[in-house]
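I have placed the structure first, in the form of structure tokens, so that the comments after it can refer back to it.
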Amino acid sequence: MTSRVYRLHSTLELPLEDAYDFFEDPDLPPEIADIDITRRNNTLIVSAVAKDDSMSKYTPTAQLKASVTENRVYEEDPDEMGPPGAASTGSSGGGPQWGALEEEEEEIESELVEYACFKGDRETVLQNTALQYAMFEVLCDVAKVAEKGTLTAIAAVDEELEAVRIVDGEERPAAINVAEEPRDGDEEEGVNWRDNEFIS
């Protein structure tokens with residue numbers, strides 16, 4: 001298979017529980033037999049298990065890496081709470097009762113939820129070359145179920161370049177623009193792909 005991923009940037013986030021649910025029974029590309037999930041402290045590593053038995057067990061297969069962070073999730077929709085600093089309509093008396101407002105704010109129920117954050121460029125999020133494109137396809141499926149975030153990429157599929165852009169779970173139109181940029185001789189200081197200026 002000649003497919004490769006050349007440029008990738010991801011800001012995907014989804015609840016860790018949803019990530020585990022997704023990888024419990026994913027729709028895998030034909031090259032991948034199974035998925036191994038390992039958690040090391042605050043890092044989630046999702047590794048491809050090759051279907052091809054001839055692949056050496058010493059060949060590292062592609063893996064997705066996500067950082068695990070805790071976010072506070074509030075039970076009440078913030079849109080229903082009104083603008084910050086607004087007086088409570090449930091207060092007794094004619095004017096704003098600031099003590100009552102503070103009490104109400106404290107009563108809003110919340111919980112800490114762990115999130116899997118697939119954030120960074122290709123080398124951070126998608127590692128190793130063997131089965132790289134197949135794992136990129138898995139990452140695209142993750143992007144389609146992610147609560148929020150963007151996945152942009154440039155891939156070569158059977159020697160044809162393709163642009164991929166998935167925003168908040170929806171595929172969006174994407175195009176590749178080729179532009180000449182001045183180089184300083186150091187490829188590290190070339191085009192800033194973090195801004196994804198070539199993907200629209």
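Going by average Cβ density within 10 Å per residue, which order do the peptides 23-29, 46-52 take, highest to lowest? Show your work: numbers first, answer last.
On the way: 23-29: 13.7, 46-52: 17.9.
By packing density, highest mean first, the sequence is 46-52, 23-29.
What spacing in nm lies between the two simple spin-label points modelled at Asp36 and Val178, each 7 Å away from Cα in the Cβ direction?
4.0
Could you list which residues have their amide H under 5 Å from that of Arg7, counting only those 5 or more apart in sequence or on another chain, with H placed in the peptide plane?
Placed amide hydrogens put Ile154 under 5 Å from Arg7.
Could you run the Karplus curve 6.51 cos²θ - 1.76 cosθ + 1.60 with θ = phi - 60° over the stretch 59-71 and give me ³J(HN,Hα) per residue in whole Hz, x for Gly and Pro?
Karplus-based 3J(HN,Hα) across the stretch 59-71 equals 8, x, 8, 4, 9, 9, 10, 10, 8, 9, 10, 9, 10 Hz.
Please report the net charge: other residues with Cβ closer than 12 Å to the Cβ of Glu137, K and R +1, D and E -1. Walk me through the intermediate numbers first.
Working: positive: Lys144; negative: Asp27, Glu31, Asp141, Glu162.
That sum, taken over residues with Cβ under 12 Å, equals -3.
Every number in this text was worked out from the coordinates using simple rules, so none of it is lab data. Note that this is a predicted model, so its numbers are computed, not measured. Reconstructed Cβ throughout: ideal geometry from the backbone, glycine too, with neighbour counts over all protein chains shown.
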